[in-house]
1. Take B:Phe271 and decide whether it is over 30 Å from B:Leu112 (Cα atoms) and at the interface with another protein chain (Cβ under 7 Å from one of its Cβ atoms).
2. Run B:Leu255 past the list (1) more than 14 Å from chain A (Cβ to nearest Cβ); (2) in contact with a helix residue (DSSP H, G or I) (Cβ under 8 Å, 6 or more places away or on another chain); (3) over 30 Å from A:Ser76 (Cβ atoms); (4) among the aliphatic types (A, V, I, L, M) and report the number of the one that doesn't hold.
3. Does B:Thr20 satisfy being of a type in the set (S, T, N, Q) and under 21 Å from the mean Cα position of the chain (by Cα)?
4. Give me the pairs, please: first residue somewhere in segment A:21-35 and in the same structural domain as A:Glu310 (by TED's automatic domain parsing) and touching a residue at least 24 places away in the same chain (Cβ under 8 Å), second residue anywhere and of a type in the set (Asp, Glu) and part of a strand (DSSP E or B), beta-carbon distance under 8 Å, and either six or more positions apart or on two chains.
5. Would you mind telling me which numbered condition in (1) within 24 Å of A:Leu335 (Cα to Cα); (2) in a strand (DSSP E or B) A:Pro136 fails?
6. Just the residues that are at pLDDT 95 or above and crowded, with 19+ Cβ neighbours inside 10 Å, please, taken from segment A:118-128.
7. Checking A:Lys177 against (1) touching a Leu at 6+ places or on another chain (Cβ under 7 Å); (2) in contact (Cβ under 8 Å) with a residue 60 or more places away in the chain; (3) part of a loop (DSSP other than H, G, I, E, B); (4) farther than 25 Å from A:Gly17 by Cα, only one condition comes out false. Which one?
2 protein chains.
Amino acid sequence: MTKTINISLDVMGGDNGPTTVLEGADIALVRHPDIRYVLYGDPEIVTPMLENFPRVKQASTFHATEVKIEMDERPSQALRRGRGKSSMWKAIEATKTGEADVCVSAGNTGALMVMSKFCLRTMANIERPAIAAIWPTLRGESVVLDVGATIGADAQQLIDFAMMGGAMARSLFAIDKPTVGLLNIGEEDVKGLDEVKEAGRLLRDFNLPQLDYKGFVEGDDLGRGTVDVVVTEGFVGNIALKTAEGTAKQLAEYLRSAMSRTFMAKLGYLFARSAFMRLREKMDPRKVNGGVFLGLNGIVIKSHGGTDGEGFAAAVGLGYDMVKNGLTEKIEQDLSVYHKNRFAADGESAS
Amino acid sequence: MTKTINISLDVMGGDNGPTTVLEGADIALVRHPDIRYVLYGDPEIVTPMLENFPRVKQASTFHATEVKIEMDERPSQALRRGRGKSSMWKAIEATKTGEADVCVSAGNTGALMVMSKFCLRTMANIERPAIAAIWPTLRGESVVLDVGATIGADAQQLIDFAMMGGAMARSLFAIDKPTVGLLNIGEEDVKGLDEVKEAGRLLRDFNLPQLDYKGFVEGDDLGRGTVDVVVTEGFVGNIALKTAEGTAKQLAEYLRSAMSRTFMAKLGYLFARSAFMRLREKMDPRKVNGGVFLGLNGIVIKSHGGTDGEGFAAAVGLGYDMVKNGLTEKIEQDLSVYHKNRFAADGESAS
């Protein structure tokens, strides 16, 4: 018997409620029949709904929870109200008890992060967690982190992010030594924020075996896919991510409006329909849905709150892939190599 | 006789050399025949070249300069080598002596900023200058600043940026009271960087007559055009700007590739050709070329280094519009109102 991948779901999370979560779970299950779900939610809502998803019901253990975290609730209040008993908390906790390998929630991002930190705690040697996004690029995909877990990061924290992002890239993209860049406002070594410059110097000095550090990258390198992993602190990363999303929406709107203006344009659209469909697929934000919380003792994935079943399935698939490819083990291994080397180096310079 | 608008040009600046600058000057002159140019450059190159642009020659005063600032030169070195004698320095200085109303250069951004600060100094009551970009949005255009003049900004500096950006929006968009937002990673008052929260609190308290403060905006509000003026510090602003540019290029590449894959797509492209042309025009980065240095005793406009004549003409046109609409006077007036009110408020709270 092959090992199943156990995924806990916060069934109550998301703008569109439990239907979307169960739809997504169903789609993901067809793709990966070796998934087993651990579901948390309000039995009065979820139990009857499960009858419509016999495949999911068959592959799930359901746990009743009483509290649902609201999408607009403050993280501190959510923690007070939901700690130990909300569907969100219990789904996170399942990765700690070992009942699940990974947790997926489309709920309130701030609450999910605070609860995850509180419940799972950061890994040994990691001070602060990061949210990693998968960024579609002209070359394929890159990992970008932190896109909003915490504001600010010193040089050491940026190096932690580089290692965690590198491990994620190795889990997802099947490359041995991912290329890594630090997001900055110029490519020369003299430019930019002090902590970014310091992190760059250290990454060059350490010359980590599992990373290929390429230096600074700029905002336009994100879409270009210049490196496999782009490292930045959470304020800048979040603004870059939302700016790119906004620009993509803006251009899609320009395109839509241009194509519906004249008869000839509409005719052209009809002829090129399959090309437009390919383009839409390429630009589909649901395909790369899922922010991964890294640096905690457990993997938690945040699905976009407003997504549909297809998008939620992508987030579940992402969690599946990362567990299957041993993300946590890779991070732990990289950190241990790094800290061994670093202390060895410290020892040398002290002698 | 109507007043002419006097524009100084660093003819040697830019990746593509003096031809692009003179081509752009020529295009702008056809649009605005009341421009007079003050040109600075190497006479051996520029004098014979001017023969190909008789309109520009006719409308210009030419000054010979010996030093040309290289595009990859460090700002500190550029200042040492070019102070007082480079085409860049002299073009900036012309706005100080009164020979020009505005200076336009496609040269090295860092060098242009350092020289402008050194030569023009910051305005009274302004601690640090900002670079403002004109951002194309779904609603039209917004002013976004700072996109890279300096890293970091405290609450007071963010308020300065808001006022200067507001004055620029009033000069360009013909609105009396532009809407203003602070770029942050959440819309609630409790989220984000401390200095951003503090600036938000102060903007609400002051309730400046010339600005309509709307609160925090996020990265995706940039393309949406939620507010007329988006305020942030230079590191984040620069990364947001380049991220948007990179995303636009990425999607244009997706579109190009989708439209050339199959015969039907190519046929569709032909039918919809005029729509695609409109789209290309809409997305044309040359149309909104020009970063405006604000907060100095003189207006300096940075054209993109790699632009062509059309793009350089847009930067010249931008300078023309701002002078015509009294940008400097508006900034000075707004600052004086603000400081009068602020000191009055300080006096009240002290009494």
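1. Details: over 30 Å from B:Leu112 (Cα atoms): yes; at the interface with another protein chain (Cβ under 7 Å from one of its Cβ atoms): yes.
When the stated conditions are applied, B:Phe271 passes them.
2. If we test B:Leu255 against (1) more than 14 Å from chain A (Cβ to nearest Cβ); (2) in contact with a helix residue (DSSP H, G or I) (Cβ under 8 Å, 6 or more places away or on another chain); (3) over 30 Å from A:Ser76 (Cβ atoms); (4) among the aliphatic types (A, V, I, L, M), just (1) comes out false.
3. Numbers: of a type in the set (S, T, N, Q): yes; under 21 Å from the mean Cα position of the chain (by Cα): yes.
Yes, satisfied.
4. Filtered contacts from segment A:21-35: A:Val21/A:Asp10.
5. Every listed condition holds for A:Pro136 apart from (1).
6. Passing the criteria: A:Cys119, A:Leu120.
7. Of everything listed in (1) touching a Leu at 6+ places or on another chain (Cβ under 7 Å); (2) in contact (Cβ under 8 Å) with a residue 60 or more places away in the chain; (3) part of a loop (DSSP other than H, G, I, E, B); (4) farther than 25 Å from A:Gly17 by Cα, A:Lys177 misses just condition (2).
Matching residues to (1) at the interface with another protein chain (Cβ under 8 Å from one of its Cβ atoms); (2) in contact with a strand residue (DSSP E or B) (Cβ under 6 Å, 6 or more places away or on another chain):
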{"position": "B:Asn184", "(1), (2)": "no, yes"}
{"position": "B:Glu195", "(1), (2)": "no, no"}
{"position": "B:Leu202", "(1), (2)": "no, no"}
{"position": "B:Lys214", "(1), (2)": "no, yes"}
{"position": "B:Gly219", "(1), (2)": "yes, no"}
{"position": "B:Arg224", "(1), (2)": "yes, no"}
{"position": "B:Val227", "(1), (2)": "no, yes"}
{"position": "B:Phe235", "(1), (2)": "yes, no"}
{"position": "B:Ala244", "(1), (2)": "yes, no"}
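The values are calculated or read from the model by the stated rules, or taken from the named source; none is laboratory data. Just so you know, these numbers come straight off a predicted model, no measurement behind them. In this analysis, Cβ positions are derived from the backbone assuming ideal geometry, glycine residues included, and neighbour counts consider all displayed protein chains.
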